[in-house]
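The values are calculated or read from the model by the stated rules, or taken from the named source; none is laboratory data. Since this is a predicted model, take the numbers as computed values, not measurements. In this analysis, Cβ positions are derived from the backbone assuming ideal geometry, glycine residues included, and neighbour counts consider all displayed protein chains.
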């Protein structure tokens, strides 16, 4: 039991006041007696109990005192914290996003959240169970339903905030899906409220309790770091890169601070930056540093969240691509491929391809039967691959390309308008295919990008069209290779958002070891297929060894929404004004003020009836 | 004169009653009462059971013949009797419905009438804190109007001091006789007051008849509630939340008081009659006083 407005209990001071007024204003009925001889003796012998009985006997006074007490309690807003019984479990959603790392004095918000969670655990009713959900980028089940207090306590104490951005909605949805309404399960969400909304979730349900930690704080952060080429296509080593950096202030005061961008040990950019309160600024500077290895951007600010004060990127060098061409031989195709740089092309027959043990980066099926395709990159010409939602319903002759999807990266700078096709397959693509070009109402060029399979399908024999004679043909092939491998021709400043999974190449039987930014390491079993590494919850550089050349992964917060650590989520209850956005103490506690108000009303009615009775008795006495 | 005190029917009934004192006193003049000295003109007074040694001449053989039991006829020489009526006129006697003083005045008037009709000497004195106005003892039926006029002037006032009043009267009286004390006996001093007063009369050889007049509300009050009780005599007030429990305690107190009084009277040969104002006055005189030893039909 707790009180929303304890000061209202001062109204109880009216009780002694009413007693005093009653004792002074009590209507003594004067009665003359012939002598007090007997009364004096009676009163002397009963003096001790007379005063108490006089008060207790006065029903009006008693009822008035009770009514005042009821009103005072109603005004105080008593809240009854429902303890979970054997049928009511608690689902604890613990916000672990980056904003929970914001400092609150000597502690972080998450430290406070952990304390609140432990309090909730100590309040857990006998027989009730608790389930803990860590709400990061993706909600995770920290502890399944258990009534083992020690297990829960250890799990809560071991929980840590991450550098991940997150959407609490997903965690709450997961909690709702786990809630058993028939058992009276309750949700306890401990968060800093540093998000805008929960979408269509009603947070003001009576069985949901919101506990807010943290207060308004200031923060300035790097919200993005990117590099782009400005020229010198195909000549990455010669430079031609531009760095783009976004900064944003979530502070109420203007700030001037130094910005430093380093490539390895060398400082490439150093400048003073001034940000107005609540403003954002993009900084674009020509990149004069090396295009290999680590890049670290850092701002020298003293704010309450450190996770976004630094951003990281890793330049990945241009890579060569191995192309295997399967078919009878195609002069135009082979010529076009030979004109492209950084390629190794090998032409084999279909039988030879099946016997080959090593896998190329790109496989081109030119007019041959295409088996079911696994992971990888493929170009299929004048054929239909098995295993995909696509069929060829015959052929059509004498077509001319009329439509082309120029927004697709495969057709960037490619002009297919007016390409004449002698004969093309009548393609009927299913869901998942993207139409790139059509002729006579029939798609003649399709793209597939699902899972780890990328496919460019050309639905006609290029030799029976004028496409190979146009400049668009080699450009189309180059676009396809660039689509398959972004780092084919240029270096890439790769990075991940914290919490996003990283796909790592692996070799069968060879472990992939990832060294974390904090120094620890994780090992993954190699399967020959790319493996998923998910422990990217901390910003910084991750070093990957095994499954090929050693490489590095840069992980950033890169989330303006998470950098805004201002609590702003509001919970409105029953349409009332959201006085306290995220209720710190009340939550699912049951308000009892209405019960006390009803009691006060009933007592007032009883008091009225008692007064009427007393008045009637007094009148009868006066008549006698 | 207060004509309402006695109506005609009531006076007629009183004509047939005579006042007889249990003791025989020597009167100043011949009257209608037996003298302890049996004289030459004895009148039949009463029967009593034969005791060994009694004079056979006074045995009533007619009764023996009918009842087969021996009774002795008693004769007494008639003498006059001094009747002292002491009427409580304190403020507390104004209490009740009807007022106790009205009730008491009727009793006093009736007894005085009977005494005067029997040629007794009748005197009346009122008392409260002390002996107040008094009507000197007188004899003869013609004094009845003086008696009634005197009684009609009696107005209750002042506190009660029973011991002082009765002691004073006992010392002052020159001819003790029958003392009829009519009072509510409600004295702040409690039982000690009436004990001293009544004993003083007894020591002065008064034959005492005590008539206690109480109102029903004094014996068994029933009103509950927040009451400010005001003493009519002293003006003292107390606030009392009267409830059933207190009323029961009060009734118990009254019962103890009356029980002690009754016991005291019995032990001191005082004729004690208690009446309430709700009892019809005529019944009190005709029935209650008749049960005593002082009245006999002619």
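For the stretch B:213-251, the set of residues classified as more than 15 Å from residue B:95 (Cβ to Cβ), more than 8 Å from chain A (Cβ to nearest Cβ) and crowded, with 19+ Cβ neighbours inside 10 Å consists of B:242 only.
Can you confirm whether residue B:264 is surrounded by 17 or more Cβ atoms within 10 Å (Cβ to Cβ), within 17 Å of residue B:193 (Cβ to Cβ) and at the interface with chain A (Cβ under 9 Å from one of its Cβ atoms)?
Details: surrounded by 17 or more Cβ atoms within 10 Å (Cβ to Cβ): yes; within 17 Å of residue B:193 (Cβ to Cβ): yes; at the interface with chain A (Cβ under 9 Å from one of its Cβ atoms): no.
For residue B:264, the condition - surrounded by 17 or more Cβ atoms within 10 Å (Cβ to Cβ), within 17 Å of residue B:193 (Cβ to Cβ) and at the interface with chain A (Cβ under 9 Å from one of its Cβ atoms) - is not met.
Name the single residue, out of those in the stretch B:185-212 being in a loop (DSSP other than H, G, I, E, B) and buried (at least 23 other Cβ atoms within 10 Å of the Cβ), that is farthest from the other protein chains (Cβ to nearest Cβ). Don't jump to the end; show me each part of the working.
Of all residues in the stretch B:185-212, those in a loop (DSSP other than H, G, I, E, B) come to B:185-190, B:204-206.
Still in the running and buried (at least 23 other Cβ atoms within 10 Å of the Cβ): B:185-187, B:206.
Values: B:185: 9, B:186: 4, B:187: 7, B:206: 25 Å.
Checked the stretch B:185-212; the qualifying residue farthest from the other protein chains (Cβ to nearest Cβ) is B:206.
Residue-wise test of (1) modelled with pLDDT of 90 or more; (2) closer than 25 Å to residue B:167 by Cβ.
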{"site": "B:205", "(1), (2)": "no, yes"}
{"site": "B:215", "(1), (2)": "yes, no"}
{"site": "B:225", "(1), (2)": "no, no"}
{"site": "B:239", "(1), (2)": "no, no"}
{"site": "B:245", "(1), (2)": "no, no"}
{"site": "B:250", "(1), (2)": "yes, no"}
{"site": "B:265", "(1), (2)": "yes, yes"}
{"site": "B:269", "(1), (2)": "no, yes"}
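Against the test of being surrounded by 12 or more Cβ atoms within 10 Å (Cβ to Cβ) and at pLDDT below 90, the options A:261, A:268, A:285 yield a single qualifying residue, A:285.
Taking the condition of being assigned to a helix (DSSP H, G or I) and touching a residue at least 24 places away in the same chain (Cβ under 8 Å), how many residues in the stretch B:213-256 meet it?
Applying the first criterion (assigned to a helix (DSSP H, G or I)) to the stretch B:213-256 yields B:216-219, B:244-256.
With the extra rule that they be touching a residue at least 24 places away in the same chain (Cβ under 8 Å), the set shrinks to B:216-219, B:247, B:250-251, B:254.
Selection size over the stretch B:213-256: 8.
Taking the criterion of being without any contact (Cβ under 8 Å) to a residue 60 or more places away in the chain and not in a strand (DSSP E or B), the residues of the stretch A:458-468 that qualify are A:464, A:466, A:467. Under the condition of being touching a residue at least 40 places away in the same chain (Cβ under 8 Å) and either outside the structural domain of residue A:142 (by TED's automatic domain parsing) or in a helix (DSSP H, G or I) (or both), the residues counted in the stretch A:96-111 number 6.
For the stretch B:15-31, indicate whether the set of residues that are over 20 Å from residue B:150 (Cα atoms), at pLDDT below 75, assigned to a helix (DSSP H, G or I) and more than 14 Å from every other protein chain (Cβ to nearest Cβ) is non-empty. Outline the logic, then answer.
Taking the stretch B:15-31 as the starting set, the residues that turn out to be over 20 Å from residue B:150 (Cα atoms) are B:15-31.
Of the ones still in play, those that are also at pLDDT below 75 are B:15-31.
Filter once more, so that each one left must be assigned to a helix (DSSP H, G or I): B:15.
From the residues that got through so far, the ones that are more than 14 Å from every other protein chain (Cβ to nearest Cβ) too are B:15.
Yes: one or more hits.
Among the residues of the stretch A:572-595, those that are touching a strand residue (DSSP E or B) at 6+ places or on another chain (Cβ under 7 Å) and at pLDDT 65 or above comprise A:590, A:591, A:592, A:593. Condition test on residue B:259, is it away from chain A (no Cβ under 13 Å), part of a helix (DSSP H, G or I) and under 22 Å from residue B:94 (Cα atoms)? Answer is no for this residue. Going by the structure shown, is residue B:111 modelled with pLDDT of 75 or more and assigned to a strand (DSSP E or B)? No; evaluated as a whole, the condition is false for this residue.
Every condition in (1) in contact (Cβ under 8 Å) with a residue 60 or more places away in the chain; (2) in contact with a helix residue (DSSP H, G or I) (Cβ under 9 Å, 6 or more places away or on another chain); (3) in a helix (DSSP H, G or I) is met by residue B:157 except one, and the failing one is (3).
Of all residue pairs spaced 6 or more apart or on separate chains, those with beta-carbon atoms under 6 Å, a first member in the stretch A:355-384 that is under 19 Å from residue A:421 (Cβ atoms) and a second member that is part of a strand (DSSP E or B) and at pLDDT below 90 are A:366/A:327; A:367/A:327. Looking at (1) surrounded by fewer than 22 Cβ atoms within 10 Å (Cβ to Cβ); (2) modelled with pLDDT of 90 or more; (3) within 14 Å of chain A (Cβ to nearest Cβ), can you tell me which one residue B:132 breaks? Result: residue B:132 passes all but (3).
Counting only strands (runs of 3 or more DSSP E) wholly contained in the stretch A:189-306, the ones carrying 3 or more residues that are closer than 30 Å to residue A:178 by Cβ, within 28 Å of the chain's Cα centre (by Cα) and assigned by TED's automatic domain parsing to the domain that holds residue A:132 occupy A:208-212. The residues of the stretch A:497-514 that are modelled with pLDDT of 85 or more and part of a strand (DSSP E or B), listed by number, are A:497, A:512, A:513, A:514.
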